[in-house]
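Participant: Before we start, here is the structure in question, set down as structure tokens.
The values are calculated or read from the model by the stated rules, or taken from the named source; none is laboratory data. Since the structure is predicted, the reported quantities are computational estimates derived from the model, not experimental observations. A quick note on method: Cβ atoms are made from the backbone with ideal geometry, for glycine too, and the neighbour counts reach across all protein chains shown. Remember, those area values only see protein heavy atoms, side chains included, never the ligands or the DNA or RNA. Shrake-Rupley method; radii C 1.70, N 1.55, O 1.52, S 1.80 Å.
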Amino acid sequence: MSKKAALHNLGCKVNAYELEAMQQILEKNGYEIVPFEPGADLYIINTCTVTNIADRKSRQMLHRAKKLNPRAIVAAVGCYAQEKGEELEKDPAVDLVIGNNRKKDLLEILEKYQATRQGSLHTMDIGKVREYEELEIDRTEEHTRAFLKVQDGCNQFCTYCIIPYARGRVRSRRADDVRKEVRRLASSGCREIVLSGIHLSSYGVDFRDGTTLLDLIRTVHEEEGISRIRLGSLEPGIITEEFAESLAALPKVCPHFHLSLQSGCNRTLRRMNRRYTSEEYMEKCGLLRSVYHNPALTTDVIVGFPGETEEDFRESRDFVEAVSFFETHIFPYSRREGTKAAAWTEQLTEAVKKERVRIMLELDARKRREYLESFLGRETEILIEERLEGGSPGQWTGHTREYQRAVIRAEGNLENSLVKCTVQAVDDRDFLICG
């Protein structure tokens, strides 16, 4: 009789990729994957530790799993397991603790534990690890689009961020291994690849042969089965004139770029240890706009960082207004134990942070609408993903090259096809209505 496993992911797209890889390891070894409900023999929670709230959610999910089946094996995997392994080892709700760079050993760890019920802690000194952990997937649940992890770790040490301690130093995946996985995904029907990493811009810095992220993009671009390439979050420093022009010469690369900002105030950027100024950031946006017509630029912004004054906040808000992003993901600063910023005394109240989030959300909604409406009457291309849930018969939805959600009405089965059409309207859900 097959064993049943239920899996749950917390955190980023890299975590989601790693959970898919672990799921496929289990499937190939006789496990039946079941919903995260009572009845599983094994519960795996891929944890997150980016904020104190993420820690709490990770603990809650682990305890929930044990309540679903007290006799099941509950495994804490990933970043929170890496950071708080010794604490979790003492938690009666947790049977196995598997840190980063040990996910590939999941099956071996499970088999040993099932045989002996001993040795529950499986972590390593991640700061000393220099080898990329080889995980892979043959298919993706999204079918049309696959997030493909090509890099791990971070050397930046921003003052608010725990990730370099949980993920270790930069480690890059060999281009040949990436190419092989892209081919497998393409053969399974995937048409779009999103190159992802913990600090994607650092791809290749650990190689001695000079391989860069641009080299990797060119490698993926050569694969005939893939129609689109997207990039995960980039640091502004990687955007040079040569880099921008080289991307624009690769037609499969989508004009959609997520450039991490965090603040538009130079004083705050220095205190965050972000290594660029708002002026330099604006220059990078200009480079992308000089080689692409109306590209989608998106970003992340933290508000309420320790010591952020009203003047600092206004400077950041005005900068975001000036850049005119397609989307701005806004986060109130969340204190994270173990980081420099957490120890600072100039912590802002939750009320102040909430109000600043509200102001930024209003700006984001207005700018997003302006960007979408700039496509009215223009031709676009949609990669169709599925029938529109709750829509009328014949309505299909997918994303444009700029990653705008779009809807089109058509007969037949359009799933996983590329459709050229014209933008006719923008509805109240911020969907492009095309025909």
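Participant: Based on the Cβ-Cβ distance of LEU68 and ILE33, what FRET efficiency does E = 1/(1 + (r/R0)^6) give at R0 = 25 Å, to the nearest 0.05?
Facilitator: 0.95
Participant: If you check each cysteine of the chain for another cysteine whose beta-carbon is under 4.7 Å away, which ones come up empty?
Facilitator: CYS12, CYS48, CYS79, CYS154, CYS190, CYS254, CYS265, CYS285
Participant: Can you give the FRET efficiency to the nearest 0.05 for TRP344 and ASN155, using r as the Cβ-Cβ distance and R₀ = 25 Å?
Facilitator: Once rounded, the FRET efficiency stands at 0.65.
Participant: If you plug each phi of the range 312-326 into the Karplus form 6.51 cos²θ - 1.76 cosθ + 1.60 with θ = phi - 60°, what whole-Hz ³J(HN,Hα) values come out, in order, with x for Gly and Pro?
Facilitator: Running phi through 6.51 cos²θ - 1.76 cosθ + 1.60 with θ = phi - 60° gives 4, 5, 4, 4, 5, 4, 5, 5, 4, 4, 5, 5, 6, 6, 5 Hz.
Participant: Sticking with this one: Have a look at the DSSP beta bridges in the chain and tell me what percent are antiparallel, nearest 5.
Facilitator: On the way: 20 of 63 bridges.
The answer is about 30 percent antiparallel.
Participant: To continue, here is another question. How big is D, in µm² s⁻¹, for the chain by Stokes-Einstein at 10 °C and 1.306 mPa s if Rh is the Kirkwood radius over C-alpha pairs? Present the calculation step by step, with values, prior to reporting the outcome.
Facilitator: Details: Rh = 23.2 Å.
For these conditions, the coefficient is 68 µm²/s.
Participant: Something else about it: What percentage of the solvent-accessible surface of the range 88-158, computed with a 1.4 Å probe over protein heavy atoms, is contributed by carbon and sulfur atoms? Display every interim value, and only then the final one.
Facilitator: Details: 1520 of 3260 Å².
Whole-percent figure for carbon plus sulfur exposure: 47.
Participant: Roughly how far apart, in whole Å, are the Cα centres of the range 178-210 and the range 348-380?
Facilitator: 31 Å
Participant: Continuing with this model, one more query. Beta carbons within 10 angstrom, averaged per residue: use that to sort the peptides 264-270, 398-404, 291-297, highest first.
Facilitator: 398-404, 264-270, 291-297
Participant: Please state, rounded to one decimal and in Å, the Kirkwood hydrodynamic radius that the range 275-343 gives when every pair of distinct Cα atoms enters the mean of 1/r.
Facilitator: 13.8 Å
Participant: First check a/c for the range 184-260, with a ≥ b ≥ c the square roots of the eigenvalues of its C-alpha gyration tensor; if it is under 1.5, answer rounded, and if not, answer prolate when a/b is larger than b/c or oblate otherwise.
Facilitator: In terms of gyration-tensor shape, prolate.
Participant: Roughly how many Å² is the accessible area per residue of the chain, as a whole number, for a 1.4 Å probe?
Facilitator: Working: 19260 Å² over 435 residues.
With the other protein chains kept in place, the chain gives 44 Å² per residue.
Participant: May I ask for the distance between the Cα centers of the range 1-43 and the range 150-171, given as a whole number of Å?
Facilitator: 26 Å
Participant: Any idea of ARG102's accessible area? Nearest 10 Å², probe 1.4 Å.
Facilitator: Around 50 Å² of this residue is reachable by solvent.
Participant: Under 29 Å Cα to Cα from LYS67, which lysines show up? Leave out anything in the same chain fewer than 8 places away.
Facilitator: LYS3, LYS4, LYS13, LYS28, LYS57, LYS84, LYS90, LYS103, LYS104, LYS112
Participant: Suppose we keep just the alpha-carbon trace of the range 103-223; what are its Rg and Dmax in angstrom?
Facilitator: Expressed in Å, the Cα Rg and Dmax of the range 103-223 come to 16.4, 48.
Participant: Over the range 32-76, consider all pairs of different Cα atoms and compute the Kirkwood hydrodynamic radius from their mean reciprocal separation; express it in Å, one decimal. Provide the component values of the computation, followed by the final result.
Facilitator: Details: mean 1/r = 0.0922 Å⁻¹.
Here the Kirkwood hydrodynamic radius works out to 10.8 Å.
Participant: How many percent of Cα pairs in the range 181-339 exceed 23 Å?
Facilitator: Roughly 44 percent, once rounded to a whole number.
Participant: What shape does the range 1-70 take by its C-alpha gyration tensor, where a ≥ b ≥ c are the square roots of the eigenvalues and a/c under 1.5 counts as rounded, a/b above b/c as prolate, and the rest as oblate?
Facilitator: oblate
Participant: So if I average 1/r over every pair of distinct C-alpha atoms in the range 31-112 and take the inverse, what Kirkwood radius in Å does that give?
Facilitator: One decimal place: 12.7 Å for the Kirkwood radius.
Participant: May I pose another question? Over the residues of the range 87-134, compute the C-alpha Rg and express it relative to 2.2 N^0.38 Å.
Facilitator: Normalised Cα radius of gyration, the range 87-134: 1.21.
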